[in-house]
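A.B. asks: After the structure tokens below, expect a handful of questions from me.
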Amino acid sequence: MSEGLFWLNAAIAATFLLAGFVKGVIGLGLPTVAIGLLGLVMTPVQAVSLLVVPSLVTNIWQLLAGPRILPLLRRLWTMLLGFCAGTCFSAVALDPGASERNSMLLGVALIAYAIVGLSKKRFSVPAHAETWLSPLVGALTGVVATATGVFVLPAVPYLQALDLDKEELVQALGLSFTVSTLGLAAVLAVQGNFQMSVAGASLASLLPALCGMLLGQAVRTRVRAETFRRCFFIGLLALGVHLAWRFAG
């Protein structure tokens with residue numbers, strides 16, 4: 001193994017360890033952190049390919065941790081269907097080879113997500129608006145996810161506005177992220193970017209992600225979640241500015 005390849009693999013393992021740690025502490029952030037940091041050393045398409053297995057396994061784990069899967073499916077199925085539609089549209093309409101543009105879009109998405117998180121603003125969605133808003137939010141999330149690999153906007157702020165209790169929200173995030181990951185994996189496979197060699201590398205990234213998640217869950221009881229959350233969003237903001245500025249030209 002060449003020295004360059006060794007350091008690349010070490011960077012990938014460290015990234016997934018950190019991303020899993022963040023998810024363990026606050027319940028989300030694995031794909032956002034992983035894609036953001038990996039975007040510094042590879043294209044977003046390569047980063048998303050590595051993300052598939054760790055993201056899918058950790059999100060299924062999060063989804064199955066609660067008892068309310070069926071009620072959430074009945075409530076959110078139009079959002080999930082919208083995500084699939086947005087993903088399919090983006091896969092056809094967007095150029096997967098435009099790596100610099102996608103990296104800049106990733107930076108913009110991270111900036112927007114960080115600003116929303118740091119603002120601490122809480123919105124509320126009226127029950128009657130869910131009928132048309134859920135599929136729209138899902139479709140927009142699918143478009144953003146296919147272009148950048150980050151599937152938190154606008155889905156996460158929307159789910160936070162549905163007045164779910166803590167356990168329902170965590171499980172709803174797991175459900176949304178699971179469907180998002182499966183959709184992205186399907187797009188990558190169709191485009192030829194998720195082959196057996198990539199699948200093996202993605203599987204190898206699962207171990208550091210799980211170790212980080214377990215460590216984060218242990219730390220969660222010792223550190224104020226709000227303090228960690230603020231540092232997390234400040235870090236994302238800095239990373240997003242770096243990526244957007246780096247590829248703006």
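The values are calculated or read from the model by the stated rules, or taken from the named source; none is laboratory data. On a predicted model such as this, the values are computed, not experimentally measured, just so you know. Note that we place each Cβ from the backbone using ideal geometry, even for glycine, and neighbour counts take in every protein chain shown.
A.B. asks: Would you mind stating whether Val143 is in contact (Cβ under 8 Å) with a residue 40 or more places away in the chain, β-branched (Val, Ile, Thr), assigned to a helix (DSSP H, G or I) and touching a Gly at 6+ places or on another chain (Cβ under 9 Å)?
C.D. replies: Numbers: in contact (Cβ under 8 Å) with a residue 40 or more places away in the chain: yes; β-branched (Val, Ile, Thr): yes; assigned to a helix (DSSP H, G or I): yes; touching a Gly at 6+ places or on another chain (Cβ under 9 Å): yes.
Yes.
A.B. asks: Sticking with this structure for a sec: Output the residues belonging to the stretch 155-185 that are surrounded by fewer than 22 Cβ atoms within 10 Å (Cβ to Cβ) and under 21 Å from Gly39 (Cα atoms).
C.D. replies: Leu182, Ala185
A.B. asks: Yes or no: the stretch 62-79 includes at least one residue that is within 20 Å of Leu236 (Cβ to Cβ), part of a helix (DSSP H, G or I) and at pLDDT 90 or above.
C.D. replies: There is no residue in the stretch 62-79 that is within 20 Å of Leu236 (Cβ to Cβ), part of a helix (DSSP H, G or I) and at pLDDT 90 or above.
A.B. asks: Any idea how many residues of the stretch 204-241 are within 24 Å of Arg101 (Cβ to Cβ) and touching a helix residue (DSSP H, G or I) at 6+ places or on another chain (Cβ under 7 Å)?
C.D. replies: So the answer is 5.
A.B. asks: Now for a separate question. Does Leu118 count as buried (at least 18 other Cβ atoms within 10 Å of the Cβ) and either in contact (Cβ under 8 Å) with a residue 12 or more places away in the chain or of a type in the set (A, V, I, L, M, F, W, C) (or both)?
C.D. replies: Details: buried (at least 18 other Cβ atoms within 10 Å of the Cβ): no; either in contact (Cβ under 8 Å) with a residue 12 or more places away in the chain or of a type in the set (A, V, I, L, M, F, W, C) (or both): yes.
No: the conditions fail for Leu118.
A.B. asks: Please pick out the residue among Gly107, Gly29 that is touching a residue at least 24 places away in the same chain (Cβ under 8 Å) and on the phi > 0 side of the Ramachandran plot.
C.D. replies: Gly29
A.B. asks: Of all residues in the stretch 228-247, how many are modelled with pLDDT of 80 or more, more than 22 Å from Thr43 (Cβ to Cβ) and surrounded by fewer than 17 Cβ atoms within 10 Å (Cβ to Cβ)?
C.D. replies: Of the residues in the stretch 228-247, 2 are modelled with pLDDT of 80 or more, more than 22 Å from Thr43 (Cβ to Cβ) and surrounded by fewer than 17 Cβ atoms within 10 Å (Cβ to Cβ).
A.B. asks: Condition first: modelled with pLDDT of 85 or more and touching a Pro at 6+ places or on another chain (Cβ under 9 Å). Can you find one or more residues in the stretch 180-196 that meet it?
C.D. replies: Yes - at least one qualifying residue is present in the stretch 180-196.
A.B. asks: Sticking with this one: I'm trying to understand the selection: among the residues of the stretch 205-227, which are within 27 Å of Lys121 (Cβ to Cβ) and surrounded by 17 or more Cβ atoms within 10 Å (Cβ to Cβ)?
C.D. replies: Listed by number, the list holds a single entry, Gly216.
A.B. asks: Among the residues of the stretch 114-130, is any closer than 17 Å to Trp77 by Cα, part of a helix (DSSP H, G or I) and among the polar types (S, T, N, Q)?
C.D. replies: Within the stretch 114-130 (the criterion being closer than 17 Å to Trp77 by Cα, part of a helix (DSSP H, G or I) and among the polar types (S, T, N, Q)), the answer is no, since none of the residues qualifies.
A.B. asks: Just to be sure I understand the filter: pairs with C-beta atoms under 6 Å, separated by 6 or more residues or on different chains, first member in the stretch 2-14 and in contact (Cβ under 8 Å) with a residue 12 or more places away in the chain, second member assigned to a helix (DSSP H, G or I) and surrounded by 13 or more Cβ atoms within 10 Å (Cβ to Cβ). Which pairs pass?
C.D. replies: Within 6 Å, the pairs are Ala13/Pro208.
A.B. asks: With respect to Pro71, determine if the residue is closer than 23 Å to Pro157 by Cβ and either crowded, with 21+ Cβ neighbours inside 10 Å or in contact with a Pro (Cβ under 7 Å, 6 or more places away or on another chain) (or both).
C.D. replies: Taking the combined requirement at face value, the residue does not satisfy it.
A.B. asks: Right, another one. If we scan the stretch 44-59, do we find a residue that is polar (S, T, N, Q) and in contact with a Lys or Arg (Cβ under 7 Å, 6 or more places away or on another chain)?
C.D. replies: Within the stretch 44-59, one or more residues are polar (S, T, N, Q) and in contact with a Lys or Arg (Cβ under 7 Å, 6 or more places away or on another chain).
A.B. asks: Which residues, taken from the stretch 24-74, are hydroxyl-bearing (Ser, Thr, Tyr) and within 14 Å of the chain's Cα centre (by Cα)?
C.D. replies: Thr32, Ser49, Ser55, Thr58
A.B. asks: So how many residues does the stretch 89-112 have that are at pLDDT below 80, assigned to a helix (DSSP H, G or I) and not aliphatic (A, V, I, L, M)?
C.D. replies: The qualifying residues number 5.
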